[in-house]
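Throughout, read-outs are computed from the coordinates displayed, never taken from laboratory work. Because the structure is a prediction, the values reported are computed rather than measured. Note that each Cβ is placed from the backbone with ideal geometry, even for glycine, and that neighbours are counted across all protein chains shown.
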């Protein structure tokens, strides 16, 4: 089956003129190039099918390559393919053919309709008119998913080769979270899989930058980090991974997806974050910090 992106790139790596720090930015859910064939397969209108996008996150982090750090960004949309899942995390009800045991068909994400090929978008709206074929899944997963992760691994490998350490910043946005009881809803959620994927001091630094900008920050709840954070974050081997979720209401209209007057203010905070991360002596900072388990033991 010919790729739906045969005539255009499904994703791109934006490299700095000169690599100045071992930091890699990844925007996997901000893609907004919808193939015609996919649009013909969906029962949703163009705005509804876009509700799963981390809209404009790639633009919020766009200065990273100008400041000396690479960025990988998807052009394909999350409703088409989610690279922040396992490669074959598929819902058997979506396919004409039966799925064998080699596929992960029972994960909580599949049950929610949010596997590698999603069944629904936000508000539980079904995406497709008809069932898909396995050839369609293979075209997306073998043709786009695997090359995407190969590109991300290459960037992390280059950082490791140059500096002996790497930091992955996985860039996302989230729907506005409702206030619970007397606790204010967070504007930012930092996910490090409960202290297992990133040196604590790095997370502390990121939190401090957001808090100093007047934003409310939570850790790991309700977003602890997805497949990328879990898979690549190996602090014991020098690779740190941190997921950042930014509440969409801060910079856009969540219904129309249009940027509003808050966009420039949020981008300014992100610029400060990028500048701070790139200016770190990441090698010394990461190597001299205790692990989450050591920190808990000390307490």
key: Among beta bridges that DSSP assigns inside the chain, antiparallel share in %, nearest 5   = 40 percent
ask   = Which values of log₁₀ I(q)/I(0), to two decimal places, follow from the Debye formula for segment 109-166 at q = 0.20 Å⁻¹ with a uniform point scatterer at every Cα?
value = -0.81
ask   = What full-extension length gain, to one decimal in nm, is calculated for residue 151 and residue 133 as 0.36 nm per residue of separation minus the Cα-Cα distance?
value = 3.8 nm
query = If you wrap a convex hull around the Cα atoms of segment 42-196, how much volume per residue is inside, in Å³?
reply = 163 Å³
key: Cut-off 11 Å (backbone N to label point 7 Å along Cα→Cβ of residue 237), residues of segment 3-47   = none
request  = Take every Cα-Cα distance within segment 139-235, group them into 5 Å bins from 0 onward, and report for each bin the whole-number percent of pairs it holds.
outcome  = 3, 11, 18, 20, 18, 14, 9, 5, 2, 0
Cα→Cβ-extended label distance, 7 Å offset, between residue 32 and residue 96, nm = 3.4 nm
task = Could you compute the FRET efficiency for residue 260 and residue 66, with r as their C-beta to C-beta distance and R0 at 25 Å, rounded to 0.05?
result = 0.55
note = In degrees rounded to 10, the 0-90 angle between helix 263-279 Cα long axis and the longest Cα principal axis of the chain is 60 degrees
Computed FRET value (nearest 0.05) for residue 183 with residue 6, which takes r as the C-beta separation and R₀ as 51 Å = 0.55
task = Using only alpha carbons, build the gyration tensor for the chain and give me the equivalent ellipsoid semi-axes, biggest first, whole Å.
result = 31, 22, 20
request  = May I ask you to sort 14, 188, 209 by Cβ crowding, counting other Cβ atoms within 10 Å and putting the fewest first?
outcome  = 14, 209, 188
remark   = For residue 112 and residue 216, extending 7 Å from Cα along the Cα-Cβ vector and measuring point to point gives, in nm, a value of 2.1 nm
message = How high is the relative contact order of the chain? Use alpha-carbon pairs under 8 Å, at least six apart in sequence, and give a whole percent.
response = 21 percent
remark   = Restricting to Cα pairs under 8 Å and 6 or more apart, the percent relative contact order of segment 214-279 works out to 16 percent
